Amino acid sequence: MKQKKIDKTPARLDFTQSVTGLILAIFISAHILFESSILISNEAMYKVTIMFEGYYFFGETYPGIITFFAAAISVIFVVHAAIAVRKFPNNYKQHKVMREHVLRMKHEDTSLWIIQITTGFIMFFIGSVHLYIMMAEPSNIGPFASSFRVVHEHMGPLYFLLLLSVVSHAFIGLYRLAMKWGFMEGKNTKVSRARFKFLMKTMIVIYIIVGSLSLAQYTYIGLTHDFSEVKKYKSKIIDLRAH
Amino acid sequence: MSKEKTPRILKIGILRFDPHDPEDVPHMETFEIEESDGMTLYIVLNEIREHHDNSLKFDFVCRAGICGSCSMLVNGRPTLACRTLTSKLDENITLAPLPLFELIGDLSIYTGKWMRNLNEHLETWIHDKENELEVDKLEEKMEPELADEIYELDRCVECGCCVAGCGTIQMRPEFVGAVGLNKIARYHLDPRDKRTNAEYYELIGDEDGVFGCMTLLGCEDVCPKDLPLQSKIAYLRRMMIKTSMKNN
Amino acid sequence: MKVIYTDVLIIGGGLAGLRVATGVKERGHDAVVLTLVPPKRSHSSAAQGGMQASLANSHMGEGDNEDVHFSDTIKGSDWGADQEVARMFTHCAPKAIRELAHWGVPWSRVQRGDRKAIINAESVTITEKDEAHGLITARDFGGTKKWRTCYTSDGTGHSMLYAMDNKAHEDKIDIHERLEAISLIHEKGRCYGAVARNLMNGELVAYVSKATTIATGGYGRIYSVSTNAIICQGMGQALALESGVATLGNMEAIQFHPTAIVPVGILTTEGCRGDGGLLLDKDGYRFMPDYEPDKKELASRDVVSRRMTEHMRKGKGVKSKYGDHLWLDITILGREHIEKNLREVKEICENFLGIDPAVDWIPVRPTQHYSMGGIRTKYTGESQTLKGLYSCGEAACWDMHGFNRLGGNSVSETVVAGMLVAEYISDFLDSSDSNLEIHTSKIESFVKKEQDKLDALLSKENGEDAYILRRRMEEIMMDKVGIFRNETDLKEAVDELQELLKRSKNIEVFRSKSRAANPALVNAYRTQRMIKVALTCALGAYLRKESRGAHSREDFPKRDDENWLKRTITSWPDENQTMPSVSYEEINISTMEMPPGFRGYGKDLTKHHPMTKVRQDSVDAVVEKLKAEGKDRFEIQDALMPFMDKLPKKYRGINARLGENI
């Protein structure tokens, strides 16, 4: 049979949206966990930071690695957003129809999508700001530097909002990915779906609690630490010169 | 069963509109009906028509949950009215026609036309140019499990509930919806249909097809026949991605 | 005036109508299908249990063939069927099912090896042959010697109808939805189409065609409780009747299905009993073996329905506020079987009764189910009196069911009759007989007449309420023209229906005066027609002084071949008549392949016809002689009652089976 040329773009877009979403979700769940090392101790958080700056590989720290990371994530973030935005209601009529539909149906998964749309929209702005700062000031990460940013550069409220958005967006997204691709689908798909949904909700709750506690800890440090004396955390064990 | 309880008085709010009446505008009208044992919305609506307002338009055919004619929004959710027992609902019940379909009047909608267009568009029939039908010969064999699997998807009654329950299609009416995708899954499964994956891709490999689906799963949750729509759409998505990667 | 011309106008978009449409299209003729509802919503979709075709693939069907299917069908009909038609039917049923398999019906298949089945309340192991693996399987149904009913779970009609409608899409058949034919256009004994009303906007359209086919199903809704869809109101029969020319056959032959749920009358398939389900009374006692020790629950439908009614009359029914009922127990089949092969039944039980049939018994009682009678046709499907008018499926009295239809033979009839009638129609269209010779003015007068009738209905004042008349008619049919019938009740029924008919001329459409979509207007004109149909049924029953198949007279319990081996023919030549005209069509014993005999239920009460013995002896002699000569079953059959020459050439081939003609 003669093979007609098929248009692969829709497939590629769809696949890319899922893959970038997956990467971002994995990234963010690791990110928040690393961030929460502050709950263990300042030292632990410091170690995590310098790990990402390459200390354990090179013996010294390169904040440029963070810049690189942040840039990479930014690219994925932008790609994801650019592709996903085609699913947004793109005019008032669509917006209105969808709103009516959601209110009428009172259907959980449809409402969850509204959360994703909203949080996605929020992240356009806060996420971009956050990523930009990380690229611009990669060395200003650490128990004290981060706390300073949270309290004295007034990033706290923004981070909290970002936390709520990113966590719900990511886990709802992961749940939807599993549904979308039939990931680990059981014989009874209703049962496997219910399990995924439960997992999603649990993870959202856990991450918001852990993230909020970390943020509280940074805020506490930010409020109690005397930044006029020590701006940057100094490890008592590891001694290094920053580049 | 409990003894001689006073029956409830149901308040049935119906979204009414006669597009053939130039004076008419969509409006809610409420009827009060005394509930009886085992009452379904089929009984309720016929009672309204027979005793309250004989101009009320609605569609029932089999009244047994088999034919898919009587889909409507019951308290905002699409479902088959004939098999909805009033005892499972609150006494205030609102009924409205399914959105998206052409309105004939009141609760009566023209699903037939929509579904026919869909079927014609997706060519939902067996495509087989190789095998000539020979009615005297033994039928082609088929694995029993496969026949069961095909029947599972063939159970769709084209009621339109999945369409009304789908957020995507509300915004983008060109989307084929779960009903269309399920049909493609059904024919793809069927070895008698000789269409290639690339040909299926031509039909559903775009934003109006499987890639338009945003996995809101309204379809799965309102399907009166409990079809495995989520799972089959996922399957089609995997298959279409594979096809796009293989095909050069 | 809007006029649409086509070769074949098909009224009704169920299995039979669609099969005719694809058939004539294949022969190069245009077809328009008029349908009240989208074709996929037709009542054909509600056929659950299966389609009979003697494929003989499954172990329990081994040895089955056209002969056995034929003999079951004739016995089932209580010798009322047209034997040639029944032969044509049984010969073509395997072809029809194979055709449908080709078009995509996912028939349930034979699984090689052992499987458990419930037969007569006991679990038995059935071993399926290796070579049958993957072929179409079959289940047991009432009144059949072999397991012959092919199925897809219990959604057989649904999957057949979907395949058929999809085939119609493929063939680009014109389907005009929500159009109701309201009168036939005819002149000098020749039918030229129909006037139809668009149910969405009220417009009248004249469809002018060379051939017209009525495939509108049965008339179950003249009864207050029926398993039929609410659109099965006998409007096809009424169309034919009101032409004044076409005739109806055996309208009194009404089948009651043993197991419809109480109170709503929704069907649970015969497959429930075929697969091993039992009927129990109020004490949980299985009573059928007491009445029918041989076939028990799987006796013919008319027999089971009567036995159930008898048993309830003995006080053994379960009392309920909706009257007495009995129990259908399918719990013994096990949950797995129910969820796989009886899913619709399960859904119906859950949704309408709130019970789980794998645990609970189902409340059932016999309920109106099928109309054996209908538009009387020749074997070609053409009306005997109105040329160019065809009919097939339940709408017709083609007459393969006589006075009782076997379960599984109805969907089978739709597709078999559809494929044959399509050929006969095509032959007619290919001949010069089919030329349209009708004036536009004549067409116009038919449209005008209908328009006037509608106008009169809408402008009527101080008239009758159609609902009141209709409900009364339904009650009369229910109470007086039911499973058991008697002179007094039938006389009352006929008289009262006649009274209702007179009143119905005075129907007023209250309040709702729209000319467009208007359910009140529809109800008004349909009620007038339904009462006419009900009258043909009640009058036929009143006059038939014998018991045959589903027509059971308490005052005449014997089958009387001497006086009543004939079809009731009703017509309505003058529209001012308040009663149908009745005549009779003799059934000729001397050409029967299978002369009248004993069906094998209860005691043989038949008053035999003298000719029966003569014919039986001659049949026996021929069979004996030909067997001695070593002739095969086809040659013997041909010698007894040749029918092949009547079949379209393409369907004359001999059917292949495992071990036969491969």
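The numbers here are math on the coordinates, done by the rules we state, and not lab data. Remember, it's a predicted structure, so these values are computed and weren't measured experimentally. Using ideal geometry, Cβ is built from the backbone for each residue, glycine included, and neighbour counts are taken over all protein chains shown.
One Cα centroid belongs to segment A:169-190, the other to segment C:452-484; the line between them spans 57 Å.
Work out which helices of chain A, taken as complete DSSP H runs, extend at least 20 Å along their axis over the Cα atoms and score a mean Kyte-Doolittle of 0.5 or more, then list them.
Details: long enough: A:9-35 (38 Å, 1.01); A:64-84 (29 Å, 2.34); A:108-136 (40 Å, 1.18); A:156-181 (37 Å, 1.21); A:189-224 (52 Å, 0.81).
Both cut-offs are met by A:9-35, A:64-84, A:108-136, A:156-181, A:189-224.
Note on segment B:123-246: Cα-only Rg and Dmax are 15.3, 50 Å. Kindly state, to the nearest 0.05, the FRET efficiency for A:Glu108 paired with C:Val614, given R0 = 60 Å and r defined as their beta-carbon distance. Plugging the Cβ-Cβ distance into 1/(1 + (r/R0)^6) gives 0.20.
Would you mind checking the pairs A:Lys106/B:Lys242; C:Lys40/C:Lys513; B:Lys141/C:Lys167; B:Lys113/C:Lys172; C:Lys25/C:Lys449; B:Lys141/C:Lys116 and listing those with alpha carbons more than 24 angstrom apart?
Beyond 24 Å: A:Lys106/B:Lys242; C:Lys40/C:Lys513; C:Lys25/C:Lys449.
The lysine pair count for segment C:246-387, using Cα distances under 19 Å and pairs eight or more places apart or on different chains, is 8.
For a modelled paramagnetic label at C:Met641, 7 Å from Cα along Cα-to-Cβ, the residues of segment C:77-103 in reach, with backbone nitrogen under 13 Å, are C:77-91.
Close amide H partners of C:Arg376, meaning residues 5 or more places away or on another chain with modelled amide H under 5 Å apart, are C:Thr247, C:Leu248, C:Gly249, C:Cys397.
Dipole of segment B:43-187, Cα-centred, from +1 at each Lys and Arg C-beta and -1 at each Asp and Glu C-beta, to the nearest 20 debye?
Working: 15 positive and 25 negative charges, 153 e Å.
Around 740 debye, computed over segment B:43-187.
Note: segment A:12-239, Cα convex hull, 149 Å³ per residue. Normalised by 2.2 N^0.38 Å, where N counts its residues, the alpha-carbon radius of gyration of chain B equals 1.19. In plain terms, the bigger the Kirkwood radius, the slower the diffusion; for chain C, with that radius from Cα pairs, at 37 °C and 0.692 mPa s, Stokes-Einstein puts D at 131 µm²/s. Between amide H atoms placed 1.01 Å from N, distances below 5 Å from B:Ile104 occur with B:Ile109, B:Tyr110, all of them 5 or more places distant or on a separate chain. Summary of the geometry: segment B:190-206 and segment C:37-108, compared by the centres of their Cα atoms, lie 33 Å apart.
Distant-in-sequence amide contacts of C:Ser58, defined by a placed amide H-H separation under 5 Å and a gap of 5 or more residues or a different chain, comprise C:Ala138. Along the axis of the charge dipole computed for the protein assembly as shown (Cβ charges of +1 for Lys and Arg, -1 for Asp and Glu, origin at the Cα centre), the listed residues B:Ile184, A:Phe88, A:Gly59 are led at the positive end by A:Gly59.
Comparing mean-square fluctuations of A:Phe148, A:Phe68, A:Phe77 from a GNM of chain A with C-alpha springs under 10 Å, the top value falls on A:Phe68. Each label point was placed 7 Å from the Cα along the Cα-to-Cβ direction; for C:Thr125 and C:Lys607 their separation is 5.5 nm.
Give me the inter-chain shielding for C:59-65: mean count of other chain Cβ atoms within 10 Å, whole number please. Could you put the intermediate results ahead of the total?
On the way: counts 0, 0, 0, 0, 0, 0, 0.
The shielding value for this peptide is 0.
When the GluC sites (Glu not before Pro) in segment B:1-56 are filtered for DSSP coil states and for at most 14 other beta-carbon atoms within 10 Å of their beta-carbon, the remaining sites are B:Glu4, B:Glu23. Computed from label points 7 Å out along Cα-Cβ, the spacing between C:Lys650 and C:Ser445 is 3.9 nm.
Which pairs in the list C:Lys480/C:Lys505; C:Lys75/C:Lys532; B:Lys137/B:Lys225 are over 25 Å apart, alpha-carbon to alpha-carbon? It would help to have the intermediate numbers written out before the result.
Working: C:Lys480/C:Lys505 23 Å; C:Lys75/C:Lys532 31 Å; B:Lys137/B:Lys225 35 Å.
Over 25 Å apart, Cα to Cα: C:Lys75/C:Lys532; B:Lys137/B:Lys225.
When the helix-only estimate is applied to chain B (DSSP H runs of n ≥ 4, each -39,500 (n - 2.57), divided by the residue count), what is the mean residue ellipticity at 222 nm, nearest 500 deg cm²/dmol? Please report the intermediate quantities before stating the final value.
Working: 9 runs with 83 residues, N = 248.
The helix contribution divided over chain B gives -9500 deg cm²/dmol.
Along segment B:48-55 the Karplus relation, 6.51 cos²θ - 1.76 cosθ + 1.60 evaluated at θ = phi - 60°, assigns HN-Hα couplings of 4, 5, 6, 10, 10, 8, 6, 9 Hz to successive residues, with x for each Gly and Pro. Across segment C:553-568, the residues whose backbone nitrogen lies under 18 Å from the label position 7 Å along the beta-carbon direction of C:Glu487 are C:553-560, C:563-564. For the protein assembly as shown, the share of alpha carbon pairs falling in successive 20 Å distance bins from zero is 11, 37, 31, 13, 6, 1, 0 percent.
Highest mean first, how do C:608-621, A:110-123 rank when packing is the count of other Cβ atoms within 10 Å averaged over residues?
A:110-123, C:608-621
Note on segment A:12-239: with charges restricted to the Cβ of Lys and Arg (+1) and Asp and Glu (-1), its dipole about the Cα centre is near 1320 debye. With the helix formula -39500 (n - 2.57) applied to DSSP H stretches of n ≥ 4, chain C reaches a computed 222 nm mean residue ellipticity of -11000 deg cm²/dmol. Extending 7 Å from Cα along the Cβ direction at A:Tyr132 and again at B:Asp24 yields two label points whose distance is 5.7 nm.
Expressed as a whole percent, the proportion of Cα-Cα pairs in segment B:1-85 lying more than 14 Å apart is 68%.
Roughly how many Å is it from the Cα centre of segment C:546-623 to that of segment A:193-219, as a whole number? Segment C:546-623 and segment A:193-219 have Cα centres spaced 81 Å from each other.
Placing a label point 7 Å from the Cα of B:Met245 along the Cα-to-Cβ direction, the residues of segment A:1-41 whose backbone N falls under 18 Å from that point are A:6-23. The residue among A:Ser228, A:Ile238, A:Gly211 whose Cα reaches farthest toward the positive pole of the charge dipole of segment A:185-243, with charges on the beta-carbon of Lys, Arg, Asp and Glu, is A:Gly211. Evaluated with a Cβ-only charge set (Lys, Arg +1; Asp, Glu -1), the protein assembly as shown carries a dipole of roughly 1720 debye about its Cα centre, given to the nearest 20.
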